[in-house]
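The values are calculated or read from the model by the stated rules, or taken from the named source; none is laboratory data. Being a predicted model, the structure only gives us computed values, none of them experimental. FYI the Cβ positions are ideal-geometry reconstructions off the backbone, even for glycines, and counts take in every protein chain you see. Remember, those area values only see protein heavy atoms, side chains included, never the ligands or the DNA or RNA. Shrake-Rupley method; radii C 1.70, N 1.55, O 1.52, S 1.80 Å.
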Amino acid sequence: MSQDTSQRETGEKLPQNRSLSLVALGSNMQSDVGSPAETLDFAVSTLETMGAVIRAKSRFYATPAVPVGNGPDFVNAAVVIETGWSAREMIANLHDIEAQLGRRRAERWGARIIDLDLLAMDDMILPDVATLRSWMNLPFDQQQQKAPGQLILPHPRMHQRSFVLVPLAEIAPDWKHPITRQTVAQMCAALPEADRAPIRALE
């Protein structure tokens, strides 16, 4: 997020060693702490326990599994968090929360107890523009077969995912993608209506 966006989200300038991150949450299985919604609440609470400041949290949304028919509906949400963590520390902490809740990374795009995706950290691009563009342009059928072997920011498929953009547009509509220069609100509006229509708020 740009400094201007940071000020809009927090009402103040962030210290130089702090950043704002966008994180997507999803679950469509029971965990030891309860229902998918209770699991997401636990994940957010654990982020706070780890030292993250929750600047904004979306409502919970019911969203169809991707690909369609690949399991029960998900409960999805998004949060804006302020931390002093590096990108790698952020990923490590998200994976630690997933492990606490019983997530096992055995199947891509399958049913899961918890999924925590780092979407963006400020305006950071990792590892570089060319690599990010190549993953953003990867055809859908190849997305199902390939996974990056390194951290890529912003998330290379966030602009295609209604289950990410609908909750995110509720809390960070003005965040601007550093490559496309589109805001979250614009990316969400550009999605086909057929993709957005099945997503419904639970609150």
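Limited to segment 191-203, what total is found for residues that are more than 20 Å from VAL80 (Cβ to Cβ) and either surrounded by 15 or more Cβ atoms within 10 Å (Cβ to Cβ) or in contact (Cβ under 8 Å) with a residue 12 or more places away in the chain (or both)?
Residues of segment 191-203 more than 20 Å from VAL80 (Cβ to Cβ): 191-198, 200.
Next, only the ones that are either surrounded by 15 or more Cβ atoms within 10 Å (Cβ to Cβ) or in contact (Cβ under 8 Å) with a residue 12 or more places away in the chain (or both) stay: 191, 195-196, 198, 200.
Counting residues in segment 191-203 that are more than 20 Å from VAL80 (Cβ to Cβ) and either surrounded by 15 or more Cβ atoms within 10 Å (Cβ to Cβ) or in contact (Cβ under 8 Å) with a residue 12 or more places away in the chain (or both) gives 5.
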Taking only segment 139-184 into account, find how many residues are within 13 Å of LEU22 (Cβ to Cβ) and either touching a helix residue (DSSP H, G or I) at 6+ places or on another chain (Cβ under 8 Å) or open to solvent by 30 Å² or more (accessible area, probe 1.4 Å) (or both). 18
Considering ARG88, ARG55, which residue is open to solvent by 60 Å² or more (accessible area, probe 1.4 Å), of a type outside the set (Phe, Trp, Tyr) and out of contact with any strand residue (DSSP E or B) (no Cβ under 8 Å at 6 or more places or on another chain)? ARG88
State whether one or more residues within segment 74-86 are touching an Asp or Glu at 6+ places or on another chain (Cβ under 9 Å), modelled with pLDDT of 95 or more, part of a loop (DSSP other than H, G, I, E, B) and closer than 26 Å to ILE179 by Cα. no
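Quick test for you: out of MET136, MET124, MET187, pick the one residue that is surrounded by 12 or more Cβ atoms within 10 Å (Cβ to Cβ), modelled with pLDDT of 95 or more and more than 14 Å from ALA78 (Cβ to Cβ).
Details: MET136 fails: modelled with pLDDT of 95 or more; MET187 fails: more than 14 Å from ALA78 (Cβ to Cβ).
The unique qualifying residue is MET124.
Taking the condition hydrophobic (A, V, I, L, M, F, W, C) and at pLDDT 95 or above, does ILE91 pass?
So ILE91 passes the test.
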Got at least one residue in segment 26-42 being out of contact with any His (no Cβ under 8 Å at 6 or more places or on another chain), buried (at least 21 other Cβ atoms within 10 Å of the Cβ) and among the aliphatic types (A, V, I, L, M)? yes
Answer from VAL44, VAL68 - the residue that is among the aliphatic types (A, V, I, L, M), at pLDDT below 95 and outside any strand (DSSP E or B): VAL68
Could you count how many residues in segment 126-174 are farther than 24 Å from ILE199 by Cα, outside any helix (DSSP H, G or I) and not small (Gly, Ala, Ser)? 12
